[in-house]
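**Q** The structure that follows is given in the form of structure tokens.
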Amino acid sequence: MLQLSGAGKRFGPRLLFENADWLITPTEKTALVGANGAGKSTLMKVLGGMESLDYGIVLRMKGMTIGYLPQDGLALSGRTVFEECLSVFDELRAMEQEFEQLAHALSELDPASRAYGTAADRYSHVEGRLRHHDVYALDAQVGGVLTGLGFGKEDWGRRTEEFSGGWQMRIALAKLLLEKPDLLLLDEPTNHLDLETRNWLENYLSTWENGYILISHDRYFLDVTVNKIIEIWNKGLHVYHGNYEKYLTQKAERRAQLEAAYKNQRERIEHLEVFISRFRYQATKAKQVQSRIKELEKIERIEIPLDEPVPHFTFPQPPPSGRNVVDVVGLSMQYGEKRVLENVNFTIDRGDRIALVGVNGAGKSTLIRLLSGQESPTVGTLKLGHNVVAEYFAQDQYKVLDPAARMLDDMGRTAPKVAEKDLRSLLGCFLFSGDDVFKLLGVLSGGERNRYALARILVSPANFLLLDEPTNHLDLRAKDVLLEAIGKFNGTVIFVSHDRYFIDGLAQKVFEIERNVEDPSRGSRLNVYPGNYEDYRWRKEGGAAELAAATMAAAEPVVHAPVAVVVSEPVIAEKAAKRVNPIKLRQMQERLAAVEAEIPRVESSLAETEQALAVYVSTEETQRLSNALTALRAQQASLNSEWEELSMQVEQSL
């Protein structure tokens with residue numbers, strides 16, 4: 001369908017890639033990956049025809065259609081959202097009018113005339129096209145895609161210019177999906193999508209009949225949407241078959257093979273050079289020496305290009321907080337007449353890693369701001385525990401930075417005990433290298449300032465981090481640095497993120513902010529789920545209820561149909577294992593070990609509290625100990641329940 005042959009492209013004096021060959025098939029499901037600045041977006045524009053090659057040729061199949069979605073920068077105006085999306089069918093609409101005109105003409109023409117035959121042929125062709133594109137269901141197609149991308153019916157009649165840049169990109173994506181080009185080129189399509197919308201897009205692409213090529217920094221999204229990886233590395237295109245997880249494995253294997261071949265070649269070269277040097281001036285060995293000189297000249301030297309260094313960063317550990325970090329009782333929040341949160345109750349313990357999830361507008365950012373003290377609840381109480389120091393990272397965190405300060409100087413003032421080389425290494429992880437570290441903060445773009453603000457928090461964290469979409473504007477490498485650093489952090493974290501891999505790698509609990517479907521005028525409620533996002537979705541889709549019902553059915557004695565018990569056991573295992581993501585098995589095992597270690601500590605605290613309660617000191621102390629005892633018993637029950645469920649999942653996944 002499309003082919004690159006001997007392709008090469010420069011960006012100014014820098015060569016991005018050369019001698020690149022790539023045959024793109026009609027069912028291409030491929031991700032473009034590579035380091036920042038390697039040329040991914042440039043290559044995407046070459047495929048889409050927006051840029052030309054400096055070397056080589058691009059061959060496109062005649063009549064093929066290509067749809068291209070850039071990272072940002074699109075602005076639509078002049079029509080409603082629904083009209084804008086429906087405009088992709090203008091040609092079909094015109095064909096529908098022609099169909100009606102042809103039908104009218106056929107009713108008036110003489111069936112024996114040549115004009116009737118011509119009109120009949122055209123009528124048959126147009127009817128086939130209209131039937132193929134299901135022209136009578138165009139409104140339903142538009143509505144389905146808009147709903148999937150997060151537009152409520154109340155948004156369909158709004159003008160496109162009323163929407164922000166992120167929502168404008170969603171409209172552009174909707175148009176491309178409805179247009180169904182032969183080849184879809186999507187440059188970071190998940191940048192402006194929340195979790196629910198990403199899940200919908202993953203499912204939509206799974207049924208996409210034509211080809212598509214993606215650039216994305218969402219590892220989970222790549223794992224479930226592509227079956228081939230093209231990496232721009234060392235100024236060439238390298239092909240890997242499988243999803244992103246398999247690409248990482250294959251790349252490591254190729255690297256190991258290359259290093260082994262390099263080692264063998266070096267040993268052979270050294271052996272030849274020693275022989276030549278030893279016998280160069282002996283006449284009896286002249287023939288053998290010449291033979292080895294020729295062999296040495298013919299050897300095509302293997303080179304191992306330097307890989308981009310993998311950065312690592314560890315949080316300076318903050319002073320510990322008390323065991324109880326936050327207590328929220330009966331919290332409600334409203335702005336004017338609009339209720340956002342209603343009767344929210346929860347407790348956060350030291351060391352918790354909590355992901356906040358929910359549709360856009362449900363109240364995730366509002367809850368984060370309440371926890372950080374930026375706002376106060378309308379009703380209810382929110383109490384921080386002993387020695388809790390909160391640090392809040394907002395989506396627009398860059399607004400609090402000093403625009404006149406140089407980046408490295410500002411970072412040094414924030415963390416005076418961290419060496420400059422470590423600060424520069426951390427800034428490099430967040431895409432600030434070389435002289436970038438001396439830039440004034442005021443000249444950075446919004447995305448750059450947000451990246452810097454996040455790096456700034458990492459060097460001197462509090463013991464309670466509240467992060468509102470920290471993975472925005474980060475590439476895969478920076479996300480890995482952040483994930484690794486928070487994994488080693490001994491404080492407490494609650495965060496909002498739209499990156500599935502990041503959530504699954506970090507979350508131990510999920511707080512779902514759920515809109516009140518029965519009464520939309522009321523505020524959202526909060527539901528607590530143990531485990532990561534994969535576990536949360538499994539429960540939301542009924543996995544826990546099915547497993548409990550199946551387990552109960554298996555436990556009941558069956559008198560008249562004993563075979564049913566035997567059959568049900570593998571069914572139970574299949575149902576339980578089916579929803580467990582194999583990639584996350586290791587995290588489940590680690591969490592199981594943590595729970596097993598925590599249960600004895602809770603039981604010990606429970607025994608100590610019961611013993612202390614037996615000795616009367618004061619009414620206040622008795623009340624305090626009684627409350628602590630109730631909380632510890634609830635925590636013990638929760639841990640035991642989580643241990644049982646994790647044990648079953650791990651056992652059935654092995």
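The values are calculated or read from the model by the stated rules, or taken from the named source; none is laboratory data. Since we're looking at a predicted model, the values are computed, not measured. Virtual Cβ from ideal backbone geometry, glycine too; neighbours counted across all protein chains shown.
**Q** Tell me, yes or no, whether the stretch 452-470 has at least one residue that is in contact with a Lys or Arg (Cβ under 6 Å, 6 or more places away or on another chain) and part of a helix (DSSP H, G or I).
**A** Filtering the stretch 452-470 for residues in contact with a Lys or Arg (Cβ under 6 Å, 6 or more places away or on another chain) gives none.
No, because not a single residue in the stretch 452-470 is in contact with a Lys or Arg (Cβ under 6 Å, 6 or more places away or on another chain) and part of a helix (DSSP H, G or I).
**Q** If you go through the stretch 365-401, how many residues are under 31 Å from the mean Cα position of the chain (by Cα), of a type outside the set (A, V, I, L, M) and part of a loop (DSSP other than H, G, I, E, B)?
**A** Qualifying residue count for the region: 5.
**Q** On to the next question. Take the residues in the stretch 175-196 that are part of a helix (DSSP H, G or I), surrounded by fewer than 21 Cβ atoms within 10 Å (Cβ to Cβ) and under 20 Å from the mean Cα position of the chain (by Cα); name whichever of them is modelled with the highest pLDDT.
**A** By that ranking, first place goes to E196.
**Q** Something else now. Given L86, L43, L69, which one is under 30 Å from K153 (Cα atoms), surrounded by 15 or more Cβ atoms within 10 Å (Cβ to Cβ) and either small (G, A, S) or within 28 Å of the chain's Cα centre (by Cα) (or both)?
**A** Numbers: L86 fails: either small (G, A, S) or within 28 Å of the chain's Cα centre (by Cα) (or both); L43 fails: under 30 Å from K153 (Cα atoms).
Being under 30 Å from K153 (Cα atoms), surrounded by 15 or more Cβ atoms within 10 Å (Cβ to Cβ) and either small (G, A, S) or within 28 Å of the chain's Cα centre (by Cα) (or both) holds for just one of L86, L43, L69, which is L69.
**Q** Which numbered condition trips up G351, out of (1) at pLDDT below 90; (2) in a loop (DSSP other than H, G, I, E, B)?
**A** The single condition G351 does not satisfy is (1).
**Q** Same structure again: Looking only at residues in the stretch 429-475 that are of a type in the set (K, R) and crowded, with 18+ Cβ neighbours inside 10 Å, which one is nearest to V325 (Cα to Cα)? Full working, then the answer.
**A** Taking the stretch 429-475 first, the residues of a type in the set (K, R) are 439, 449, 451, 456.
Filter once more, so that each one left must be crowded, with 18+ Cβ neighbours inside 10 Å: 449, 451, 456.
On the way: R449: 30, R451: 27, R456: 23 Å.
Residue satisfying both the conditions and the ranking: R456.
**Q** Given the criteria in the same structural domain as N516 (by TED's automatic domain parsing), under 30 Å from S372 (Cβ atoms), in contact with a helix residue (DSSP H, G or I) (Cβ under 7 Å, 6 or more places away or on another chain) and modelled with pLDDT of 90 or more, does V344 qualify?
**A** Numbers: in the same structural domain as N516 (by TED's automatic domain parsing): yes; under 30 Å from S372 (Cβ atoms): yes; in contact with a helix residue (DSSP H, G or I) (Cβ under 7 Å, 6 or more places away or on another chain): no; modelled with pLDDT of 90 or more: yes.
Spelling it out, it is not the case that V344 is in the same structural domain as N516 (by TED's automatic domain parsing), under 30 Å from S372 (Cβ atoms), in contact with a helix residue (DSSP H, G or I) (Cβ under 7 Å, 6 or more places away or on another chain) and modelled with pLDDT of 90 or more.
**Q** Is it true that D134 is of a type in the set (D, E), out of contact with any Phe, Trp or Tyr (no Cβ under 6 Å at 6 or more places or on another chain) and modelled with pLDDT of 90 or more? Outline the logic, then answer.
**A** Numbers: of a type in the set (D, E): yes; out of contact with any Phe, Trp or Tyr (no Cβ under 6 Å at 6 or more places or on another chain): yes; modelled with pLDDT of 90 or more: no.
In short, no.
**Q** Just need a number here: residues in the stretch 354-369 that are touching a helix residue (DSSP H, G or I) at 6+ places or on another chain (Cβ under 7 Å) and within 19 Å of F151 (Cβ to Cβ).
**A** First pass over the stretch 354-369, keeping only residues touching a helix residue (DSSP H, G or I) at 6+ places or on another chain (Cβ under 7 Å): 355-359.
Narrowing the set further to residues that are within 19 Å of F151 (Cβ to Cβ) leaves 358-359.
Number satisfying all stated conditions: 2.
Matching residues to (1) acidic (D, E); (2) part of a helix (DSSP H, G or I); (3) loosely packed, with under 12 Cβ neighbours inside 10 Å:
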position: E231; (1), (2), (3): yes, no, no
position: V239; (1), (2), (3): no, no, no
position: A256; (1), (2), (3): no, yes, yes
position: Y262; (1), (2), (3): no, yes, no
position: E270; (1), (2), (3): yes, yes, yes
position: E273; (1), (2), (3): yes, yes, no
position: I276; (1), (2), (3): no, yes, no
position: T284; (1), (2), (3): no, yes, yes
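**Q** Does L214 satisfy the condition of being within 18 Å of the chain's Cα centre (by Cα), farther than 30 Å from R254 by Cβ and surrounded by 20 or more Cβ atoms within 10 Å (Cβ to Cβ)?
**A** Values: within 18 Å of the chain's Cα centre (by Cα): yes; farther than 30 Å from R254 by Cβ: no; surrounded by 20 or more Cβ atoms within 10 Å (Cβ to Cβ): yes.
No.
**Q** Which of the residues that make up the stretch 123-157 are over 27 Å from the mean Cα position of the chain (by Cα), touching a residue at least 24 places away in the same chain (Cβ under 8 Å) and either surrounded by 14 or more Cβ atoms within 10 Å (Cβ to Cβ) or part of a helix (DSSP H, G or I) (or both)?
**A** Residues satisfying the conditions are Y123, V126, E127, R129, L130, H133, V135, L138, D139, W156.
**Q** Another question, then. Would you check if V33 is in a strand (DSSP E or B) and in the same structural domain as K235 (by TED's automatic domain parsing)? Steps first, please.
**A** Details: in a strand (DSSP E or B): yes; in the same structural domain as K235 (by TED's automatic domain parsing): yes.
Judged against the criteria, V33 is a match.
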